[in-house]
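Below: one structure, written as structure tokens.
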Amino acid sequence: MMTRLLMILILLLPTLSVAKDSDRLLQPGDAVVIIMPGESAFDQPFSLDKQGKIRLPEVGKINLRGKTLDQARSAIQLALSTVYLNLDQFDIELSQRQLLIRVLGYVQAPGEVLLPADGNVQMAIQAAGGLRPGAQLDKLQVRRGAQRLSFDYKAYLDSGDAELLPRLQTEDELFVPASPLTGNVEVNFDARSLIAGGDGGGDADSITLFGEVRNPGSFVLKGEMSLVDALMRAEGVTRYADVSHIRVISDNVPYLFDLKTYLDEGTAEMLPPIGAGTLIYVPIQVDVVSNTQRTVYVMGEVQAPGAYETGDNVTFLDLLANAGGPTRFAETRNIRLLRQDQSVVEVNLLSYTENRANGRLPPIEPGDVIFVPEKTDVNEKSWLKIPSDKAIKIIGAMNRPGRYEWDESMTFLDLFAHAGGPLQHANLAEIEIIKDNGNKRLFDLDKFIKQGGEYASLPTLVSGDTVVVNELPWDPTDNKSTWVRQSPESSIYVFGQVESPGRYAFNDQLGFLDILAAADGPTDEADLGQIRITHRNGATSRVTQLNLARYFETGDESVLPKVLPGDTIFLPQRERQWLEKPSEQVVRLMGAVRKPGRYSFDNSMNLLDLLAEAGGPSDNAYIEKIIVVQHSCCDPQARVFDLQAFVTDPDYARIPLVRPGDTVYVPNEDQSNWRIFIDGVRDALSIVALFALGAAI
């Protein structure tokens, strides 16, 4: 008992504070101002979160919980010194002492709220959007760590005595429970209706009335209650009640009571006995409904459906008003008037109230039936409630795809909003609109949103149409899964030396580099100087070449080709020029080199670049007479280049000019004049020796 009393005293006592702000410890919810002249990012105060931290621009989070203002100043200055050089005018001030309170339970917007230092429970509830209908006001709780305190908020509202409310401290949790009357299912709470439906709660000391009474339910038995008193507790009978055949069961004995005869005669002995557990049933009298020749029936979602007398000057609105008007569940756009000749007249009451040109109310004739249908819930299956000629379908990548009721006043964007909007992976550039006759139209909503346009350019929808919102690929590298999601008309094909070749979605806002990046870029084996793009335009096509390496060297975006959906991009592999390049675009290198073959060559290269690209001459190369056969112009001619002499005495003027289409041949040492001479001498000596040997013999 003493422990609970001590806990209550701790929660009720205000937080004592006699120290200066500079000595007080910072707590979650407090706000500080950081003075940094010329830095707009520090213009707003910074509030400590529930961990006691603030987030500073370019620095990140700093923990100030439990620090004095001077300690906080030192900590912030130390963190800012790593980013800002001049902190001569830096300073911090305490902007406001605030309470960080978590409000949970039956409030409109549960969550964390910030209150001034002197904030109370009522201010915390108001900051959380106020109480929800059905909150139990006499059992609110304040939770502070392991402590729990229940208090009567209703008593405070009745008396205004602030002492009845516990004092709040930062990081407290205020919990608002729900009333037991709300039940286990979330419904609209109306305490007055619940009380009007009976206060007996099914107890043994109560009586129960049902049937054609205005407020059926169980009521507490009070004193010498008669049957008439019981009917008055239920606010009387309805207009359809058969008061001549009221049935009463009291102490398991049935009674039949004629209220009309009792009111005519006033004999008290006619009243059946009423006691604890009595059941009273008032039946409906069917023939009380008028069935004259001037009767009009109002049914459906109106306050008081039934049969009503009509006259010469009675209008459609007169009858609807006499029936109490439509309920909040009524679909006023599709009211149906059923004539005696079996014809049906549709009435759009909404158009009439908005004074539209087509808003007309039909005349009323005796025997007509006015049917007000129920409004269709967006989340409810509506196959039976909405006819096909009034519905429109939207399928695909939408938040709420389905079948929706359509009205002429709605637009294409209204349908999208009604269906919850598109999903993140929706392909808005190619929305398909399928008409009832099978015709299909494509609409680029992405372009309309980004670039704007006239609302008249939006597709015109009518009942029976189907709108299909396709999906974009989930993963650009997962090309096998994208064949169905993408149409070839909106795709780019990327082949060759890229990390992820395949087919990719493409629109007008993307360019060549975008689609190359989507394919994860070129591989290490890609020849960036020989990229080829095939442009398709109907039945014809053309090919352009791109030197992407030159773009990276110069940054000139004019060299990048414009690609469109349907085009093909091919990145060839290096060192395969014999397949991808004609002979007039390469230089042939033969003979005693480490890697003979065909090589790409441009005007910025010379013979030395070509030899270096081929790995240089081999060990047995005769570099004194490298032969360059020039085919680029006029008649073929040959030039000889002495590489050994060039290395000894470099003179770039002696390097022969090499152009694409030429042939370079590096001979072997076996083909040099010295070797030929030595081989001849060796042969001659062999002959002489042979003759000398023969003479000796």
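Across the range 430-454, the number of residues qualifying as touching a Phe, Trp or Tyr at 6+ places or on another chain (Cβ under 9 Å) and not acidic (Asp, Glu) comes to 4.
Of the residues 506, 552, which single one is in contact with a strand residue (DSSP E or B) (Cβ under 6 Å, 6 or more places away or on another chain), modelled with pLDDT under 85 and either among the aromatic types (Phe, Trp, Tyr) or over 14 Å from residue 572 (Cα atoms) (or both)? Give the steps one after another, and end with the answer.
Values: 552 fails: in contact with a strand residue (DSSP E or B) (Cβ under 6 Å, 6 or more places away or on another chain).
Result: 506 is the single residue among 506, 552 that is in contact with a strand residue (DSSP E or B) (Cβ under 6 Å, 6 or more places away or on another chain), modelled with pLDDT under 85 and either among the aromatic types (Phe, Trp, Tyr) or over 14 Å from residue 572 (Cα atoms) (or both).
Picking from residues in the range 66-79 that are surrounded by 15 or more Cβ atoms within 10 Å (Cβ to Cβ) and in contact (Cβ under 8 Å) with a residue 40 or more places away in the chain, the one that is farthest from residue 171 (Cα to Cα) is 76. Against the numbered list (1) at pLDDT 85 or above; (2) surrounded by 18 or more Cβ atoms within 10 Å (Cβ to Cβ), residue 52 comes up short only at (1). Only a single item in (1) crowded, with 18+ Cβ neighbours inside 10 Å; (2) closer than 16 Å to residue 98 by Cα is not met by residue 123, and it is number (1).
Filtered by the rule that a residue be more than 33 Å from the chain's Cα centre (by Cα) and buried (at least 19 other Cβ atoms within 10 Å of the Cβ), the range 28-49 gives 30, 32, 34, 36. Here the helices (runs of 4 or more DSSP H) wholly within the range 515-626 that include at least 3 residues being surrounded by 15 or more Cβ atoms within 10 Å (Cβ to Cβ) and over 53 Å from the mean Cα position of the chain (by Cα) are 607-613.
Of the residues 262, 255, 240, the single one that is among the hydroxyl-bearing types (Ser, Thr, Tyr) and touching a residue at least 40 places away in the same chain (Cβ under 8 Å) is 240. Scanning the range 429-453 for residues that are under 21 Å from the mean Cα position of the chain (by Cα), in a strand (DSSP E or B) and of a type in the set (A, V, I, L, M), which turns out nearest to residue 468 (Cα to Cα)? The residue in question is 431.
Of the residues examined, residue 661 is not one that is in contact with a strand residue (DSSP E or B) (Cβ under 8 Å, 6 or more places away or on another chain), free of Cβ contacts under 8 Å to residues at least 40 places away in the same chain, within 18 Å of residue 585 (Cα to Cα) and surrounded by 15 or more Cβ atoms within 10 Å (Cβ to Cβ). Pairing each residue of the range 445-462 that is surrounded by fewer than 14 Cβ atoms within 10 Å (Cβ to Cβ) with any residue that is at pLDDT 80 or above and of a type in the set (Ser, Thr, Tyr), provided the two are 6+ apart or on different chains, yields C-beta distances under 9 Å for 455/411; 460/411.
The values are calculated or read from the model by the stated rules, or taken from the named source; none is laboratory data. Note that the structure is a prediction, hence the values are computed from the model and not measured. Glycine also receives a Cβ, built like all others from the backbone with ideal geometry; neighbour counts cover every protein chain displayed.
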